[in-house]
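What follows is a single structure, written as structure tokens, with notes after it.
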Amino acid sequence: MHTYIKIFFAIVAVFSLAACTKLDEEKFGSLSPDTYYKGEKEALSSVVGVYGLLSQVSHIGDPWRVVELGTDEFVVPGRASGGWFDQSNMDIIQHVVNPANATTGRAWNNVFQEIGTANAILDALNKSPNKDNLKALIAETRALRAYGYFYAMDFWGNVPIVTVARVDPNNLPKNATRSDVFNFVVSEMLAASQDMPSVTTVNKSAYYPRFTREAIYAALAIAYLNAGVYTGTAKWDSAAIMCDKVIGVNAYALEKDLINNFNAGNKGKTTETISSFSIDPTKNAGGNQFILYTQNALDQLKYNLPFIPANGYSTTQEALDRYENTDNRKALIEYGPQFYLNGTPLKYPNGQQLTLIAVKDLISAEDNEGYKVLKYTPVGATWAGFNGNNDLVLVRYAEILLTKAEALFRTGKPGALELVNAVRARSNASPLSTLTIKNIEDERAREFLWEGQRRRDMIRFGSYFTSTWTFKTKQTEAYRAIYPIPAEQLTANPNLKQNPGY
């Protein structure tokens, strides 16, 4: 896949499928399935585009922002200089989103672009005269589409299920229930997994970063973990079973250091990464922009960056306070007085040292307000403009361990404490002597900071509704567990119905 990722942007330019009412296939030049998909190489060159779109859904872009905004670990304040203020983001932070919210509207377009592109490619694959030789690739694309629907279900709940390349304009899709979407996601992933290779049967270096069967089992474990939220019926045992399918192949283990999963040398070389996205901005194959959006401008000097960071994304005092001082994960947050890598104080031109403090003013924050998360470290990264080459991580083995721990705990079965402590031990956090549901939630928050999981976790544990934190000062209504369907989608498709409460 390393070869095919290079043409990602060419594929995305071909398949521009935004709103759910525009899930139709644009022509791939003068090529047709009969003449184009003569073998796996040709077909894979298109499927890689779906991976690229899914990477935009799960990282950096608006879908990732609507996951993290509104949680107690992420804030994007407006700056006193006039930058970064966005009312749509403020509304998500304060849990007052309405159907006109621009950020959630763009997120819808991103998610359904991924789904629509997968539909178009599946249509072409299934029409290929070589269809019988493309079973694994068809399964892979079905899994990619199901992943897109997982995000759609998670964000908006009652979304239309569209599996065709072209939508009949006289018969526009209607909402499916959230339970129906859940069942579709699970059935598609289960079916896809049967025709996909196991991590034990592929050359990991050559195959990376494509989905394996175990990557889909991991996705199913996450879906089952949240089944009670999505359908009203918990499926803890199913989550544990899927975790065991991943654990049982003995192909994964925790990295010695958490940061190994996120540095620029993580490209298929870690024992912990189960699914990720290959990034190489020097070949126009995506770019990791966490450093651009996150870091303070002075970090250009600290890390010798070829650009000035924009000082946007920040984490909170609540997130920082979860860690013990001995916990190595705390070192991935920049807070307090800042220094160059050699220990020299990092100073403004006026000689004052940069000292990062918690965000105090959501509307007009000063330059030094906001702690920074450095999982995707710039140290050792290669840059093309402001794009780094750190691969983007989707699922790690640590998530499988903590998912199984929660499933065991909730069903009263033994073994949960040992799994949680195994994850803690990796980062030099002191072992827990007893386990509570709050321990499990907090451990997930510590381990998966800014990995796109906190909103989903907070909803499952209930803290999204009952807890308060900086800038979210009152309880949240239950209907806000899902976002409103964007107003522009309701206008474009009269068959869609708004989610309850909006």
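The values are calculated or read from the model by the stated rules, or taken from the named source; none is laboratory data. Note that the structure is predicted; figures quoted are calculated from it, not measured. Positions of Cβ are generated from backbone atoms using ideal geometry, with glycine treated the same way; all protein chains shown enter the neighbour counts.
Quick notes
- Some residue of segment 11-25 being among the polar types (S, T, N, Q) and either surrounded by fewer than 24 Cβ atoms within 10 Å (Cβ to Cβ) or at pLDDT below 95 (or both): yes
- Here Ile400 clears all of (1) over 21 Å from the mean Cα position of the chain (by Cα); (2) buried (at least 20 other Cβ atoms within 10 Å of the Cβ) except the condition numbered (1).
- Any chance Ala319 is assigned to a helix (DSSP H, G or I), surrounded by 21 or more Cβ atoms within 10 Å (Cβ to Cβ) and modelled with pLDDT of 95 or more: yes
- Options Ser463, Ser467; residue that is touching a helix residue (DSSP H, G or I) at 6+ places or on another chain (Cβ under 9 Å), surrounded by fewer than 17 Cβ atoms within 10 Å (Cβ to Cβ), outside the structural domain of Ile92 (by TED's automatic domain parsing) and not hydrophobic (A, V, I, L, M, F, W, C): Ser467
- Applying the condition of being in contact with a Gly (Cβ under 6 Å, 6 or more places away or on another chain) and in a loop (DSSP other than H, G, I, E, B) to segment 81-94 and asking which residue is surrounded by the fewest Cβ atoms within 10 Å (Cβ to Cβ) yields Phe85.
- One residue alone among Val359, Val393 is outside any loop (DSSP other than H, G, I, E, B), among the aliphatic types (A, V, I, L, M) and in contact with a strand residue (DSSP E or B) (Cβ under 6 Å, 6 or more places away or on another chain), and that residue is Val393.
- Annotation: Ser430 fulfils all but one of (1) touching a Ser or Thr at 6+ places or on another chain (Cβ under 9 Å); (2) under 24 Å from Leu258 (Cβ atoms); (3) surrounded by 13 or more Cβ atoms within 10 Å (Cβ to Cβ); the unmet one is (3).
- From the list Asn130, Asn98, the one residue that fits, being farther than 30 Å from Pro494 by Cβ and not small (Gly, Ala, Ser), is Asn130.
- Residue count, segment 176-215 (criterion: closer than 30 Å to Pro160 by Cβ and part of a loop (DSSP other than H, G, I, E, B)): 8
- Selection of first residues in segment 207-231 that are modelled with pLDDT under 95 and of second residues that are assigned to a helix (DSSP H, G or I), restricted to Cβ pairs under 7 Å at least 6 apart or on distinct chains, gives an empty result.
- Between Thr282, Thr271, the distinction of being touching a helix residue (DSSP H, G or I) at 6+ places or on another chain (Cβ under 9 Å) and surrounded by fewer than 23 Cβ atoms within 10 Å (Cβ to Cβ) belongs to Thr271 only.
- First in segment 476-501 and polar (S, T, N, Q), second anywhere and part of a helix (DSSP H, G or I), Cβ under 6 Å, 6 or more apart: Thr476/Phe465; Asn493/Thr21
- Any hit, segment 126-143, residues being out of contact with any strand residue (DSSP E or B) (no Cβ under 7 Å at 6 or more places or on another chain), closer than 16 Å to Ser58 by Cα, in contact (Cβ under 8 Å) with a residue 24 or more places away in the chain and surrounded by 23 or more Cβ atoms within 10 Å (Cβ to Cβ): yes
Conditions (1) over 19 Å from the mean Cα position of the chain (by Cα); (2) crowded, with 19+ Cβ neighbours inside 10 Å; (3) at pLDDT 50 or above, marked per residue:
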| position | (1), (2), (3) |
| --- | --- |
| Glu42 | yes, no, yes |
| Gly49 | no, yes, yes |
| Asp62 | no, yes, yes |
| Gly70 | no, yes, yes |
| Arg79 | yes, yes, yes |
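- Put simply, of Ile259, Ile241, Ile222 the only residue that is closer than 27 Å to Pro197 by Cβ, within 19 Å of the chain's Cα centre (by Cα), assigned to a helix (DSSP H, G or I) and of a type outside the set (S, T, N, Q) is Ile222.
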